[in-house]
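The structure appears below as structure tokens.
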Amino acid sequence: MSKILSKYDIHIQGLENKRYTYEFEGGDEFFEFFEQDIITKGHFKATVILDKNSTLMQLWFDIEGVVELTCDRCLEPFEEPVHVKEKYIYKFGDRHEELSDEIEMIPLNTATVNIAQHIYDFIGVSLPMKKLHPKFRNEADDEEDEFIYSTDKEEAEQEEEEVIDPRWAALLSLKNQKNKEN
């Protein structure tokens, strides 16, 4: 593991069963390590509360910071504030296994856990799907999201009649006759 990520190690071997608080900080080098292009720059401070007992460890993450994103509309970089509160659980067992997105089993004799990936994932998931520069956020709904369609009713019925498959025309005429009788 790299020197950059080793800053996010928590040594758990020998910890008593009680609550601990850890502080972590990261910057551009943290995001560059993950080699992706969604987040390339930013900085954060993370407070992690670890509550250890004999069967599991619960970690509460409180992450605040700013990341640099690229606007989907104008392709300009902008800073997006981030504030994340998440929970993660390590259960002690006989093997290493990810049980769910929030729960991981680790061997009882594990000496350290590294939370860098968790911090990165929590920040990444908190980002908006549509990355808009703040100058576009106050606008009303995007024009491309609006769909306006209007037509004359007779014109629509005419088009509908033209589209009818000739095999179904006989059934349609029977239906129309029945409607006229009622």
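Since every read-out is calculated from the coordinates, none of them should be taken as a lab result. Not measured: the values here are computed from a predicted model. As a convention, Cβ positions derive from the backbone with ideal geometry for all residues, glycine included, and neighbour counts pool all protein chains shown.
Return the residues of region 79-129 that are hydrophobic (A, V, I, L, M, F, W, C), out of contact with any helix residue (DSSP H, G or I) (no Cβ under 6 Å at 6 or more places or on another chain) and assigned to a strand (DSSP E or B); say none if nothing qualifies.
Correct list: Ile89, Phe92, Ile103, Met105, Ile106, Val113.
Take region 30-78 and flag every residue that is over 20 Å from Ser2 (Cα atoms) and among the aliphatic types (A, V, I, L, M).
Correct list: Ile38, Val48, Ile49, Leu50, Leu56, Met57, Leu59, Ile63, Val66, Val67, Leu69, Leu75.
Could you check region 49-86 and list, in sequence order, the residues that are over 30 Å from Pro134 (Cβ atoms) and among the charged types (D, E, K, R)?
Result: Asp51, Lys52.
Where residues in region 73-130 are β-branched (Val, Ile, Thr) and within 16 Å of Phe31 (Cα to Cα), which of them is surrounded by the most Cβ atoms within 10 Å (Cβ to Cβ)? Please lay out each step first, then the result.
So in region 73-130, the residues β-branched (Val, Ile, Thr) come out as 82, 84, 89, 103, 106, 110, 112-113, 115, 119, 123, 125.
Now drop any that are not within 16 Å of Phe31 (Cα to Cα), which leaves 82, 115, 119, 123, 125.
Values: Val82: 19, Ile115: 22, Ile119: 22, Ile123: 25, Val125: 10.
My answer is Ile123.
List every residue pair whose Cβ atoms sit under 9 Å apart, with the two residues 6 or more apart in sequence or on different chains, where the first one lies in region 14-27 and is within 19 Å of Val82 (Cβ to Cβ) and the second, anywhere, is exposed (fewer than 13 other Cβ atoms within 10 Å of the Cβ).
Partner pairs satisfying both residue conditions: Glu23/Lys45; Phe24/Lys45; Glu25/Lys45; Gly26/Lys45.
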